[in-house]
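> Dropping a structure here in structure tokens format, bear with me for questions.
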Amino acid sequence: MSETTSSRKLDFTPVGENDRDAEQIIRPSTRYWPEVWKRLFRNKLAVLCLTIIGVIILCAIIMPFLSPYKFDEVNLLSSSLKPSADHFFGTDATGRDLWTRVWIGARASLLIGFLGALTPFIIGTVIGAVAGWYGGRIDMIIMRVCDIMLCIPSMIYMILILMVMGGSISSLVVAMAISGWMGSARGFRGRVLQFKNKEFTLAAKTQGASAARIIFRHILPNILGNIAVGLSGAVPGAIFMEAGMAYIGLGVTPPNISLGQLSTDGITYFMSASKFHLFLYPSLVISVMIFAFFMFGNSLRDALDPRLRDEEYNAKRMRKIKRVLRREARRPGKAVV
Amino acid sequence: MIKYVAKRLVISLATVWAIATICFFLIRLLPGNPFIVANPLDITNADKMMEYYGLNDPVWMQYVRFMNSLLHLDFGYSLAHAGRSVNEVIALYFPVTAQLAIQAMLFGIPTGTLLGILSAYKRGGTIDISTQLLTIMTTAIPAYVLAAMLQLLLSVKLGWFPASGWETQKYTILPTICLSLGMISGHCRGMRTLMLEVGQQDYLKTAKAKGLSEARIIFFHQIRNALLPMVTNLGLEIAGLLMGSFVIEKIFSVPGLGKYFVNSINELDYTMAMGLVVFQAVVVVAANFIVDILYVLIDPRVKLD
């Protein structure tokens, strides 16, 4: 009898003896963003990915300065060297130091990643805000244009624009902006429509706030979480896209270099034992980079999901209940629940 | 239904028109004389060539002519290779690309779907973890690196498949596998999420409450409902396959449209590249159109407005 009551007690803990305690909230009260950060940093994979991203960014910034070689410095006397203490990643066929080149390339790839994710997002947000806020005919026209542009595979825009503008970081970013704004425009339009008639928008309006102020100071912060997840997914996507474009011959043009271009150049050597490093290191760095961004984005999505908090809480309670029940079961001669 | 089909048809045609127009004006933006770029002719000859191809006419006249020839399904002529038309190239090389894409779909979609179902069925099991690993690999490692590694492992080291070329059916296996890897991981992930989502729906609770067997619930209620939304992705997937074939065909030297397209970019053969872009866009738009119609036909819940 006492056993059953003890397990029941865990299931239904009485809130308090008197009425005042009944009003208490049992769970610890938390604010949204501190809770998100806490959950993010409790996730070991997220911390690891963040560290990797940090290290890669730092290396891309400082390594070219520390290296005694220039990324485009040709030295035929030291061509096709294997990795050594002088050249950490070896040298290519014209004697350029691969270590320096990889980090210069990482600069370009990171720039393409961040700008290629941010620019379409900013353009899409502004267009989506206009469509959602003003509605009517403007909305209709913008959304039809969106529909039509979404039907065209993004690779086609990329190829066309890169062919016309030539391969450089800026033309890659322009191409990504033109092919990528539709998604965030649609999404943000929906959000603006959703929040347009909320009380806080009305309050801001009565206080005389402009449309832009309401949209960017009042509505935008409400969906910061979604934006963070979207952006963290778009960064590795842009880096990956650049690598693909480099492979079909539309990457950044020499003497500029990106990681995608480096690993594309190296791929011709992937069967030769003496030049395998030309393929290995750039591909390794770009893969690790994309992996870190991708997994960080996943962890961020998990951390931002408030439903997971309840799940965690419930899982903890369930574990506790099971533990008690197991302990009770081990006692001889007693019935359990 | 007819109204819906008509609406989709109008949007599809508008899309094709938009792509063709963008292509046309972008070519005109290109600096320089295409004939001097492609094969070094002297100025007078290049001018004669411009005259011959009608490139000295006013832009609107060229535009009308271009659109007119598109209506007759004529994609124009190559600038780099005299007398070679885009249609000819498509007729010659598209079947190869289509074969590769169809094989990749026939292999990738069932495999991916099956793996997705299995990994949702046993969350955290061996299959689930290994498919997650596959997903991470295909998202993090650029396709050409992955394909090169598979080529090295399966054909050079183990000697199971020929490394490159396109002769017997055996040559098609490795490119097909490489092309379908992304598809497998995409389908697997999508199917897994959908299976878990459907698993929480009320109608599954009803099925359970009716006392149906687990197998019946999974096969007739959960999988069928999870499969439906996957159909909408098909259009995008076909686009992805065509684009993915650029890379795969180059690596395995498959004589397909993708490889030809990459060559035409490298040769600065603009009309060829643009013609192929328009053609591929038409294929993708047509696929999207069919998928949209198909989706309405198979899902009775979709309301037509």
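The values are calculated or read from the model by the stated rules, or taken from the named source; none is laboratory data. None of these values were measured; they are calculated from a predicted model. Glycine also receives a Cβ, built like all others from the backbone with ideal geometry; neighbour counts cover every protein chain displayed. These area figures cover heavy atoms from the full protein model, side chains too; ligands, DNA and RNA do not enter into them. Shrake-Rupley method; radii C 1.70, N 1.55, O 1.52, S 1.80 Å.
> Determine the share of chain A's accessible area contributed by carbon and sulfur atoms, expressed in whole percent, with a 1.4 angstrom probe.
So the carbon and sulfur contribution to the accessible surface is 63 percent.
> Now for a separate question. Based on the alpha-carbon gyration tensor of chain A and its eigenvalue square roots a ≥ b ≥ c, which shape applies: rounded if a/c is under 1.5, prolate if not and a/b is larger than b/c, or oblate?
oblate
> Then there's this: In degrees, nearest 10, range 0 to 90: what is the angle between the Cα axis of helix A:32-42 and the longest Cα principal axis of chain A?
70
> Shifting gears a bit: Between B:His187, B:His81, B:His72, find the one with the highest GNM mean-square fluctuation for chain B; connect C-alpha pairs within less than 10 Å.
Looking only at B:His187, B:His81, B:His72, the biggest GNM fluctuation is shown by B:His72.
> May I pose another question? Give me the Kirkwood hydrodynamic radius of chain B, using the inverse of the mean 1/r over all pairs of distinct Cα atoms, in Å to one decimal.
22.3
> Which of rounded, prolate, oblate describes the stretch A:22-129, given a ≥ b ≥ c as roots of the alpha-carbon gyration tensor eigenvalues and a/c under 1.5 marking rounded, otherwise prolate only if a/b is larger than b/c? It would help to have the intermediate numbers written out before the result.
Details: a/c = 5.18, a/b = 2.16, b/c = 2.40.
Oblate, since a/c reaches 1.5 and b/c is not below a/b.
> So if I take the centroid of the Cα atoms in the stretch A:245-286 and the same for the stretch B:234-262, what is the distance between those two points in Å?
20
> Once the Cα atoms of helix A:136-151 and of chain A are each reduced to a long axis, what angle between those two axes, in degrees from 0 to 90 to the nearest 10, is obtained?
The angle comes out at about 60 degrees.
> Between exposed GluC sites (Glu not before Pro) in chain A, where DSSP calls loop and at most 15 other Cβ atoms lie within 10 Å, what's the longest gap?
A:74-337
> Give me the distance between the Cα centres of the stretch B:89-132 and the stretch B:202-216, rounded to whole Å.
Between the Cα centres of the stretch B:89-132 and the stretch B:202-216 lies a distance of 30 Å.
> Same structure again: With springs connecting C-alpha atoms under 10 Å apart, model chain A as a Gaussian network and identify which of A:Pro255, A:Pro282, A:Pro83 has the largest mean-square fluctuation.
Ranking A:Pro255, A:Pro282, A:Pro83 by mean-square fluctuation puts A:Pro255 first.
> With everything on Cα atoms, drop me the angle between helix A:169-196 and the longest principal axis of chain A, reported from 0 to 90° to the nearest 10.
Once rounded, the angle reads 20 degrees.
> Ok, one more. How many Å³ per residue does the convex hull of the Cα positions in the protein assembly as shown occupy?
249
> When the gyration tensor of the stretch A:106-301 is built from Cα positions, what are the square roots of 5 times its three eigenvalues, in whole Å, from largest to smallest?
In descending order, the three semi-axes are 39, 18, 12 Å.
> Check B:Tyr77: other-chain or 5+ apart residues with amide H under 5 Å from its amide H, H built from backbone geometry?
B:Val86
> Please compute the Kirkwood hydrodynamic radius over the stretch B:195-305, one decimal place, Å, based on all pairs of different Cα atoms.
17.2
> Leaving out ligands, DNA and RNA, calculate the buried accessible area for the pair A and B with a 1.4 Å probe, summed over both sides, in Å² to the nearest 100.
3200
> Please report the relative contact order for chain B, taking Cα pairs under 8 Å with a sequence separation of at least 6, and give it as a percent rounded to a whole number.
In percent, rounded to a whole number, it is 27.
> Hydropathy at least 0.0 by Kyte-Doolittle, axial extent at least 20 angstrom from the Cα trace: which helices of chain B, defined as entire DSSP H runs, fit?
On the way: long enough: B:2-29 (40 Å, 1.59); B:86-121 (49 Å, 1.28); B:126-140 (21 Å, 0.90); B:173-199 (36 Å, 0.94); B:223-251 (39 Å, 1.13); B:270-298 (41 Å, 2.10).
Passing helices, by number: B:2-29, B:86-121, B:126-140, B:173-199, B:223-251, B:270-298.
> I would also like to ask the following. Which value in Å does the Kirkwood hydrodynamic radius of the stretch B:99-257 take, with 1/r averaged over all unlike C-alpha pairs and then inverted?
For the stretch B:99-257, the Kirkwood estimate is 16.9 Å.
> Which residue, A:Ser283, A:Ser184, A:Ser67, has the most motion in a Gaussian network model of chain A that connects Cα atoms within less than 10 Å?
A:Ser67
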